[in-house]
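The values are calculated or read from the model by the stated rules, or taken from the named source; none is laboratory data. A quick note: this is a predicted structure, and the numbers were derived from the prediction, not measured. Here the Cβ is made from the backbone with ideal geometry for all residues, glycine too, and neighbour counts use every protein chain on show. Heads up: the accessible areas ignore ligands, DNA and RNA and are worked out on the full protein's heavy atoms, side chains in. Shrake-Rupley method; radii C 1.70, N 1.55, O 1.52, S 1.80 Å.
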Amino acid sequence: MGRLFKLLKNGNKSAFLAAIVNTIIAIIKGGTYIYTGNVAMFAETMHSLGDAANQFFVFIGSALSKRGATNRFPNGFGRLVHLVLLGAVIIVGIMSFETIKEGFSHIFHPTESTGFVINVAVLCAAVVLEGFVLFKAMREIMHDVGDTTSGFAVFFKSFGHLPKAKPATKLVFMEDLVATAGGILAIVAIVISHFTPFHQAEGIASIIIGLMMFFVVGKVFLDNAAGVLGEADEEMEDKIGELVLRDPEVKDVVEVVVIKEGEELHVELEVEVDPALTVAQADDIKDRLEEKILQEKGVTDVTIEFDEDDGVQRWEKQNPTEKSEE
């Protein structure tokens, strides 16, 4: 049990905070929906419930994925977070379906809900809380990529850094971005329904919120399916190739493979050296390269193979202009 708690301390903190906040929000929204019968509030309740469950599983998965390698699982548990996320999106998918179904039902059978003031007040409070969690996720993204930008600029830069963020942080960001936007949309729909006879607005809002949830499901599924299969980090491969080639004893880089294992990176490297080197000299090169590569963010394991220099240069420094055109 002590070992489990120790692992949980290393879980994704953004996911843990988001799970707590969304649980509180879901309870408040659910109570408001029971009291008012507002279909837009129902959509928001389902959304918050799905997010809370999802983010709780993400927190558990991100913590367990940091467990060290064992004899049975020599590569460690890095990919476990992707498996957990694949399971978690099923929950959001079910919530999305129920939200869309309820929205269509309200469009064809519109009813006037009560409790305008309480509905708007609860949703405004939820938007503020979800916006706070979203900003924390943005800060976490900046931390993941090593960007020290602060202030309002974080809002814009976090979108650009999103592809490089940890899987758990990325999910929290996407879910709370949709949650914040969905809350604003629900407020607009409730206002329209209250001040005009167009009560179908709440049903339309429910359908749009459900579709946004489905978008998150699809995006998370595709990203984590790639993670389970073992996705290469091409940017890090180029970076490590250039780093290794700067070593005076390395004649050429034959191959660099960087595989993402959850939040960790595993590096496999093959280089060419002078065939006249002794085993001791080759071992010194290996230790030197390992030390340099392990200093790169996220790299936890390095495997290096040597081959004799054949005089043919395979690895060429990438031209930044050419690379951007590709």
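Please work out the Kirkwood hydrodynamic radius for region 195-319, using every pair of different C-alpha atoms, and report it in angstroms with one decimal place.
17.7
Run the dipole for the chain about the Cα centre, Lys and Arg Cβ at +1, Asp and Glu Cβ at -1, nothing else charged, and hand back the magnitude in debye, nearest 20. Walk me through the numbers on the way to the answer.
Numbers: 28 positive and 47 negative charges, 485 e Å.
In total the dipole reaches around 2340 debye.
Which peptide among 211-219, 280-288 comes first, and what is the full order, when sorted by highest mean count of other Cβ atoms within 10 Å? Mind showing how you got there, number by number?
Numbers: 211-219: 18.1, 280-288: 13.6.
So the peptides 211-219, 280-288, ranked by packing, come out 211-219, 280-288.
Using 1/(1 + (r/R0)^6) with R0 = 45 angstrom and r between the beta carbons of V154 and I34, what's the FRET efficiency to the nearest 0.05? Before the final figure, lay out each step's value.
On the way: r = 37 Å, r/R0 = 0.83.
The computed FRET efficiency comes out at 0.75.
Restricting to Cα pairs below 8 Å that are 6+ residues apart, what does the relative contact order work out to for region 234-308? Please round to a whole percent. Don't jump to the answer; show the numbers that get you there.
Details: 104 pairs, mean separation 23.1, N = 75.
Once divided by the residue count of region 234-308, the mean separation gives 31 percent.
Using r as the Cβ-Cβ distance of E255 and N71, and R0 as 35 Å, what FRET efficiency do you calculate, to the nearest 0.05? Walk me through the intermediate numbers first.
On the way: r = 28 Å, r/R0 = 0.80.
The formula returns an efficiency of 0.80 here.
Quick one: net charge of I208's neighbours, Cβ under 15 Å, K/R +1, D/E -1?
Neighbour charge sum, excluding I208 itself: -3.
Report the relative contact order of the chain, percent, no decimals, based on alpha-carbon pairs under 8 angstrom and at least 6 residues apart.
Details: 512 pairs, mean separation 59.5, N = 326.
Result for the chain is 18 percent.
Remind me, what semi-axes does region 157-237 give for its equivalent ellipsoid, largest first in whole Å, using sqrt of 5 times each Cα gyration tensor eigenvalue?
Numbers: eigenvalues 253, 34, 10 Å².
Over the Cα atoms of region 157-237, the semi-axes work out to 36, 13, 7 Å.
How large is the convex hull of the C-alpha atoms of region 84-144 per residue, in Å³? Mind showing how you got there, number by number?
Numbers: hull volume 6.6 nm³, N = 61.
Convex hull of Cα atoms, per residue: 109 Å³.
With +1 on the Cβ of every Lys and Arg and -1 on the Cβ of every Asp and Glu, and nothing else charged, how large is the dipole of region 234-308 about its Cα centre, in debye rounded to the nearest 20?
260
With point charges of +1 on the Cβ of Lys and Arg and -1 on the Cβ of Asp and Glu, referenced to the Cα centre of the chain, which listed residue (T300, Y33, G183) lies farthest in the positive direction of the dipole?
Towards the positive end, the residue furthest out is Y33.
Taking the chain as the reference, fit the longest principal axis to its C-alpha atoms, fit the long axis of helix 200-229 to the helix C-alpha atoms, and give the angle between the two in degrees, 0 to 90, nearest 10.
That helix lies at roughly 20 degrees to the long axis.
What pairs from K136/K157; K136/K219; K239/K286 go past 24 Å between their alpha carbons? Could you put the intermediate results ahead of the total?
Values: K136/K157 14 Å; K136/K219 21 Å; K239/K286 18 Å.
None, as every Cα separation is 24 Å or less.
Tell me the angle of helix 167-195 to the major Cα principal axis of the chain, expressed in degrees between 0 and 90 and rounded to the nearest ten.
20
What's the Kirkwood radius of region 234-308 in Å, using all Cα pairs? Show your work: numbers first, answer last.
Working: mean 1/r = 0.0805 Å⁻¹.
Roughly 12.4 Å, rounded to one decimal.
Could you give the alpha-carbon Rg of region 125-166 over 2.2 N^0.38 Å, rounded to two decimals? List each step's numbers first, then the result.
On the way: Rg = 10.3 Å, N = 42, 2.2 N^0.38 = 9.1 Å.
Taking N as the residue count of region 125-166, the ratio is 1.13.
Ignoring ligands, DNA and RNA, what accessible area per residue does the chain give at 1.4 Å, in Å²? Each step should come with its number before you reach the end.
Numbers: 16800 Å² over 326 residues.
I get 52 Å² per residue for the chain.
What do you get for Rg/Rh over region 103-237 if you use C-alpha atoms and the Kirkwood form of Rh?
On the way: Rg = 18.4 Å, Rh = 16.9 Å.
Result for region 103-237 is an Rg/Rh of 1.09.
Give the label of the value calculated from the structure for mean projected area of the Cα convex hull in nm², choosing from (i) 22.3; (ii) 15.5; (iii) 21.1.
(iii)
With each label point set 7 Å from Cα along the Cα-Cβ vector, what nm distance links E270 and T114?
Label at E270, label at T114, 7.5 nm between them.
Based on the Cβ-Cβ distance of D287 and F198, what FRET efficiency does E = 1/(1 + (r/R0)^6) give at R0 = 45 Å, to the nearest 0.05?
On the way: r = 72 Å, r/R0 = 1.59.
Step by step, r from the Cβ atoms, then E = 0.05.
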